[in-house]
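The values are calculated or read from the model by the stated rules, or taken from the named source; none is laboratory data. Not measured: the values here are computed from a predicted model. Note that each Cβ is placed from the backbone with ideal geometry, even for glycine, and that neighbours are counted across all protein chains shown. The area values use the complete protein model at the heavy-atom level, side chains included, leaving out ligands, DNA and RNA. Shrake-Rupley method; radii C 1.70, N 1.55, O 1.52, S 1.80 Å.
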Amino acid sequence: MKQHQLSYKFSDSFSSKIKKVTIPDSMVSQEFLFMGCLNLEEVVLPAGIKQIPDNAFAYCKNLKTFQIPSSVEEISDGAFE
């Protein structure tokens with residue numbers, strides 16, 4: 001399976017509408033940023049991801065369900081601040 005690098009970053013105006021994010025298994029990027037997505041409730045990360053970067057989900061105050069795959073080796077400081 002081909003794996004792709006992708007950067008997920010959302011602006012404040014769009015991020016307020018995001019409630020669920022499922023990043024497909026083919027995406028193994030370590031650069032995704034949902035910081036400040038106030039209505040984000042559920043996140044499913046891809047199998048094979050190694051790190052959850054700093055501030056990736058900071059200030060996501062309504063986050064209730066977060067599936068961390070067993071491949072994750074590092075959760076950076078402030079990832080869920």
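Give the residues of the stretch 33-46 that are open to solvent by 10 Å² or more (accessible area, probe 1.4 Å) and closer than 15 Å to Gly78 by Cβ, sorted by residue number.
Leu33, Met35, Gly36
Consider the stretch 52-65. How many of its residues are touching a Gly at 6+ places or on another chain (Cβ under 7 Å) and either open to solvent by 80 Å² or more (accessible area, probe 1.4 Å) or not aliphatic (A, V, I, L, M) (or both)?
Taking the stretch 52-65 as the starting set, the residues that turn out to be touching a Gly at 6+ places or on another chain (Cβ under 7 Å) are 54-55, 58-59.
Still in the running and either open to solvent by 80 Å² or more (accessible area, probe 1.4 Å) or not aliphatic (A, V, I, L, M) (or both): 54-55, 59.
The total comes to 3.
Among the candidates Ile49, Ile68, which residue alone is open to solvent by 70 Å² or more (accessible area, probe 1.4 Å), at pLDDT 75 or above and either of a type in the set (Asp, Glu) or under 12 Å from the mean Cα position of the chain (by Cα) (or both)? Steps first, answer last, please.
Details: Ile49 fails: open to solvent by 70 Å² or more (accessible area, probe 1.4 Å).
Testing whether each residue is open to solvent by 70 Å² or more (accessible area, probe 1.4 Å), at pLDDT 75 or above and either of a type in the set (Asp, Glu) or under 12 Å from the mean Cα position of the chain (by Cα) (or both) leaves just Ile68.
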